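Below: one structure, written as C-alpha cells.
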Amino acid sequence: MRHRIEAELTEPVARYFTRKGYRWQAKELQFYEYNIDIYGFSPTSDLTISVELKIKNWRRAFEQTLIYQLCSDLVLMALPKETIHRVDQKLLEMEGIGLLCVGLNNRCQIILEPRRSDVIIDSYKSVNIDLLRNERSREYASR
C-alpha cells in the first residue's frame, strides 16, 4: 500500500467544505507563524472554518487547531482513514475541535462535530474574511 502525502488531502477536503457552504476559501492562509491548511467562510451562515491536514502527527495538528480557534468559528483536523484511529477523540471533544476522516476514495466524513469557538477574536476573523473577499475580487477581475 502506498503512503499518502498531506497535499493529497487538500482538494477532497476543500470540495467537502465547498459543498457545506464554505465557498470562499484560501489554502495556506497565514495566521501569525502558522499556515492554516484550509480557511473557509460561508456568507450564508457568517461562519468561518479552519482545517488542519495531517497524515500521521495528530498531536501537532491538535496544537495548531487550538491556536486557530482564535480566528475561526469552527476548527477541525482532517486525517486519512488509515491513521484516524490513533486520535484521542475525547481530547478533541473536550476542546471543541472537530475530526474529519478522508477515505481512500477521497470521500470525507465527519467523525466528531466541532463546537463553535468561545475564544475567537472578532478582529482576526474579520481580517481573514476581508482577505478572502479581496482574493475573490481579484479572481473575478482576471476573468
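Candidates ASN106, ASN57: the one that is modelled with pLDDT under 95 and in contact with a helix residue (DSSP H, G or I) (Cβ under 6 Å, 6 or more places away or on another chain) is ASN106. Checking every residue in segment 118-134 against the condition of being modelled with pLDDT under 95, crowded, with 17+ Cβ neighbours inside 10 Å and within 16 Å of the chain's Cα centre (by Cα) gives at least one match. Residues in segment 72-109 that are aliphatic (A, V, I, L, M) and within 12 Å of the chain's Cα centre (by Cα): LEU74, VAL75, LEU76, MET77, ALA78, LEU79, ILE97, LEU99, LEU100. Please determine whether any residue of segment 73-93 is modelled with pLDDT of 95 or more, of a type outside the set (A, V, I, L, M, F, W, C) and closer than 26 Å to LEU132 by Cα. Checked against the condition, which is being modelled with pLDDT of 95 or more, of a type outside the set (A, V, I, L, M, F, W, C) and closer than 26 Å to LEU132 by Cα, segment 73-93 yields at least one hit.
Consider segment 81-110 and keep the residues that are closer than 14 Å to TYR16 by Cα and touching a Gly at 6+ places or on another chain (Cβ under 9 Å). The one that is surrounded by the most Cβ atoms within 10 Å (Cβ to Cβ) is ILE110.
The values are calculated or read from the model by the stated rules, or taken from the named source; none is laboratory data. Quick caveat, the model's predicted, so the values are computed rather than measured. Because the Cβ atoms are built from the backbone with ideal geometry, glycine has one as well, and the counts that use them run over all protein chains shown.
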